[in-house]
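Structure record follows, encoded as structure tokens.
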Amino acid sequence: MIHPYMPNSVDTVKKEMMDEIGVKSISDIYESVIPKELRLDRPLKLPEPILSEQELKKHVETLLEKNISCADYSNFLGAGCYQRYVPAICDEIAGRAEFLTAYCGDTYSDHGKMQAIFEYASMMAELLDTDVVSYTMFDAGQAVSSSMRMAFRLRKNRKTILVPHTMNPEIYSQATHYCKSDGRLVKVKAESGLMDMKDYARKLTDDVAAVFIENPTFLGAFEKNAKEIIDLAHKKGALAIVMPSVTSLGIIEPPANYGADITCGDIQELGIHMNYGGGLGGFIATAMDDELVEEYPTYLYGIAETEEEGKFGWGRALNHRCSHGSRENAKEYFGTEAGLWTIVAGTYLALMGPQGMKETAELIQSRAVYAEAMLKKIGGIEVNAWKNQYFQEFTVCFDKAKMTVKEVNQKLLEYGIFGGKDLSGWFPEYGQSALYCFGEMTDQKRIDQLCMALKNIVEGE
């Protein structure tokens, strides 16, 4: 069969290639490299292929019509992936042929793309108040995991990293496995949703390579003891790793300004749509410290003068550090990246500027404050139980209503609402609690709609 979507599927072309390498059939190739017990001796049980582009498009559209998106329903989910307003120019730039790939070639082939990446890193450095920013990694989980491995390498004889009990469970799982060859992650108890300082002091031993905190925390609250946590770590000779919400930095101090040695996180909030498994991009940032910079596993992009006065070039800096430059001799493997989102985030930051970032952060926080005040008027639920300061997320508990989060969220769908993230599986000690997010897309009308729906659900009206 000549398949329209498979190159070189014409019989004459396949025969020419097989003649060139000296085999009579494609099965000869498989038999030479794949043991017989691992080879399937029958066709895969797949439906018949759709060979027409028109029919294939119709089939996919039919499948997609079954979905209900956040454009259709009001969305109060966050928990690490956020529905932000995406300016049209971000989509325009992302779709341009010269940028539409996750990869970047060398200087001779992608000079313009390298300049765009450098500009992104420069704007991120301004937002984070750091000197050095990495090329985008796969997501926040990889950025956190790699930051922890940097700490283990920098503190060679120390085998522990302290993390908060309320750490994002998905990132915790990823980091635990990513770092298991270097050391272990130890959780510090939570007190009112924040790090328990007494338990932290007990566990901060000479074996601790670093302490990691999220600020805001996974449950939405600002870690009010962040500076004290970092100062105590430094006194013990440990490093401090902090993951912020990049949007929140429009109104709060970046981690570097209260002592973080390594800042890491995700850029999804910066002009990137929510995607099912994509649209993420991790970053690592530090001061211009040779010891720290040598441990970066990723590309770094720099600027240099050229022979022509007033002209500059852009390219990869200190390439020997990463696996691209030294392969198996690298400190850590550096694989598939998310370079397209670098370009999009850079476009967003250039469009917004400092004032735009400030106004967006203020708008988001004002929406969350309004939501808290309105939700507290509903009987049968407990809102922001620990009364912590937050940015865009806080918990809502349904124990008093004797309802599960699953039941509430199922009923909210009838009102055209996606409810909060169910925390009961990850944090059963907090009862039937959900994490609700309020961004710039959840305006007053949508918040009032949520409150009306919840009132009807929990009060039985």
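Computed as a quarter of the hull surface, the mean projected area of the alpha carbon convex hull for the chain stands at 28.7 nm².
Between Phe312 and Asn157, the modelled labels are 4.4 nm apart [label points 7 Å from Cα along Cα→Cβ].
Given a 1.4 Å probe and the protein chains as shown, Glu92 ends up with an accessible area of around 110 Å². As a calculated quantity, the FRET efficiency between Lys180 and Ala125 at R0 = 45 Å, using C-beta atoms, amounts to about 0.90. Place a point 7 Å from the Cα of Ile26 along the Cα-to-Cβ direction; which residues of the stretch 47-81 have their backbone N under 18 Å from it? Taking a point 7 Å out along Cα→Cβ of Ile26, the residues of the stretch 47-81 whose backbone N falls under 18 Å are 47-51.
Normalising by the residue count of the stretch 245-347, find the relative contact order in percent from Cα pairs under 8 Å and 6+ residues apart.
23 percent
Pairs exceeding 30 Å between alpha-carbon atoms, taken from Lys189/Lys236; Lys15/Lys113; Lys224/Lys400: Lys15/Lys113.
Inter-part distance, the stretch 67-140 to the stretch 327-370, computed on C-alpha centroids, equals 6 Å. For the set Leu318, Leu249, the ranking by accessible area, highest first and with no ligand, DNA or RNA atoms included, is Leu318, Leu249 under a 1.4 Å probe. Straight-line reach from Lys235: taking Cα to Cα under 16 Å and skipping same-chain neighbours fewer than 8 places apart, the aspartates and glutamates in range are Asp206, Asp207, Asp261.
Among bridges DSSP assigns within the chain, what percent are antiparallel (round to 5)?
Values: 24 of 42 bridges.
Here the share of antiparallel DSSP bridges comes out near 55 percent.
Rg then Dmax, both in Å and based on the Cα atoms of the stretch 175-263: 12.9, 38.
Here's how it looks for Glu214: its modeled amide H is under 5 Å from those of Met243, which are all 5 or more places away or on a different chain.
Once fully extended, how much extra length lies between Met197 and Asp399, figured as 0.36 nm per residue of separation less the alpha-carbon to alpha-carbon distance?
69.9 nm
What is the local net charge at Asp199, summed over the other residues whose Cβ is closer than 13 Å to its Cβ (Lys, Arg +1; Asp, Glu -1)?
Values: positive: Lys187, Lys189, Lys198, Arg202, Lys203; negative: Glu191, Asp196.
In short, +3.
If you roll a 1.4 Å probe over the heavy atoms of the protein chains, what accessible area per residue do you get for the chain, in Å²?
Details: 23680 Å² over 461 residues.
Roughly 51 Å² per residue, with all protein chains present.
Overall, the accessible surface of the chain at a probe of 1.4 angstrom is composed of carbon and sulfur to the extent of 53 percent. Rounded to the nearest whole Hz, the Karplus-based 3J(HN,Hα) values (6.51 cos²θ - 1.76 cosθ + 1.60, θ = phi - 60°) of the stretch 349-358 follow the sequence 5, 5, 5, 6, x, x, 5, x, 5, 5, with x at glycine and proline.
Calculate, for Tyr5 and Asp231, the FRET efficiency according to 1/(1 + (r/R0)^6) with r their C-beta to C-beta distance and R0 60 Å; round to the nearest 0.05.
Values: r = 59 Å, r/R0 = 0.98.
That pair, Tyr5 with Asp231, gives E of 0.55.
Among the protein heavy atoms, those of Val186 account for about 30 Å² of accessible surface (1.4 Å probe, every chain in place).
Lys445 to Val60: extension gain in nm, 0.36 nm per residue of separation minus the Cα-Cα distance?
Contour length minus Cα-Cα distance gives 135.2 nm.
For the pair the stretch 10-24 / the stretch 387-426, the C-alpha centres are spaced 60 Å from each other. Between Ile34 and Gln355, the modelled label-to-label distance comes to 6.1 nm, taking each label 7 Å out from Cα in the direction of the beta carbon. In straight-distance terms, cross-link reach from Lys402 covers every one of the aspartates and glutamates whose alpha-carbon lies under 14 Å from its own, apart from those fewer than eight places away in the same chain; here that gives Glu382, Glu459.
For the chain, calculate the relative contact order in percent as a whole number, restricting contacts to Cα pairs under 8 Å that are 6 or more residues apart.
Numbers: 800 pairs, mean separation 89.9, N = 461.
RCO, the chain: 20 percent.
The 3J(HN,Hα) values that the Karplus relation (6.51, -1.76, 1.60; θ = phi - 60°) gives for the stretch 177-189 are, in residue order, 6, 5, 9, 5, 7, 9, x, 10, 9, 10, 7, 9, 4 Hz. Gly and Pro appear as x. The mean of 1/r over all distinct Cα pairs in the stretch 277-413, once inverted, gives the Kirkwood hydrodynamic radius of 20.2 Å.
Computed over neighbours whose Cβ is under 12 Å from that of Thr404, the net charge equals 0, Lys and Arg +1, Asp and Glu -1. The label-point distance for Tyr85 and Asp206, in a model that sets each label 7 Å from Cα toward Cβ, rounds to 5.6 nm.
Estimated at the nearest 10 Å², the accessible area of His234 is 70 Å² with a 1.4 Å probe. A cut-off of 5 Å between modelled amide H atoms, ignoring neighbours fewer than 5 places along the same chain, links Tyr390 with Phe222.
The amide H of Val186, built 1.01 Å from its N in the peptide plane, has Ile161, Leu162, Val163 as neighbours under 5 Å, considering only residues 5 or more places off or on other chains.
The values are calculated or read from the model by the stated rules, or taken from the named source; none is laboratory data. Please read these numbers as outputs of a predicted model, since none were measured by experiment. A quick note on method: Cβ atoms are made from the backbone with ideal geometry, for glycine too, and the neighbour counts reach across all protein chains shown. Surface areas here come from the heavy atoms of the whole protein model, side chains and all, with no ligands, DNA or RNA. Shrake-Rupley method; radii C 1.70, N 1.55, O 1.52, S 1.80 Å.
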